[in-house]
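K.L.:
Pasting a structure below so you can have a look.
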Amino acid sequence: MIKFLLLPLLWYLGAAGIVQANPFDHFDGHHRGMPRGFEVRQLNTIDAIKRQGEDDEYVVLRGRLTKYYGDEKYEFTDLSGDTIEVKLDDDEDWSYIAKDQLIDILGKLDVDLFSLEVDVKRALPVADVFDKAPEP
């Protein structure tokens with residue numbers, strides 16, 4: 001008796017769209033009914049940042065600090081050789097990273113009319129297991 005009542009109820013709920021396996025299974029950057037503007041973009045190269053980066057957007061980059069410009073400004077070079085200016089806030093302790101060391105940085109873009117810079121929030125050293133030749 002319960003089966004006869006339960007099956008039509010489940011069919012009705014499924015047809016009404018209330019019961020769904022996962023509403024985000026076919027997420028393509030925008031889902032029907034969701035607010036717009038929450039598409040996920042991955043800006044992880046300097047070239048992509050220079051072409052598509054927007055002010056206050058977070059980015060993750062892998063590369064090296066290669067030059068010191070003065071004050072809190074440094075040059076950051078990614079793995080493809082492109083460069084961008086980064087800011088390391090002097091209120092933080094950055095002594096655990098070194099010049100030319102491979103690092104990952106998480107930063108926030110600061111885009112002005114004539115400049116583009118990354119305000120670094122976190123920097124993590126990357127193990128150089130592939131950069132070193134094996135010892136004989």
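Values quoted throughout were computed directly from the atomic coordinates according to the rules given, and no laboratory measurement underlies them. Worth saying up front: this structure is predicted, and the values here are computed from it rather than measured.
K.L.:
Would you please give the residues with an amide H less than 5 Å from that of GLN101, counting only those at least 5 places away or on a separate chain, with H modeled from the backbone geometry?
P.N.:
HN-HN under 5 Å from GLN101: LEU65.
K.L.:
Distances longer than 19 Å among the Cα atoms of the stretch 46-125: what percent of all pairs is that?
P.N.:
Every Cα pair in the stretch 46-125 considered, those over 19 Å come to 26 percent.
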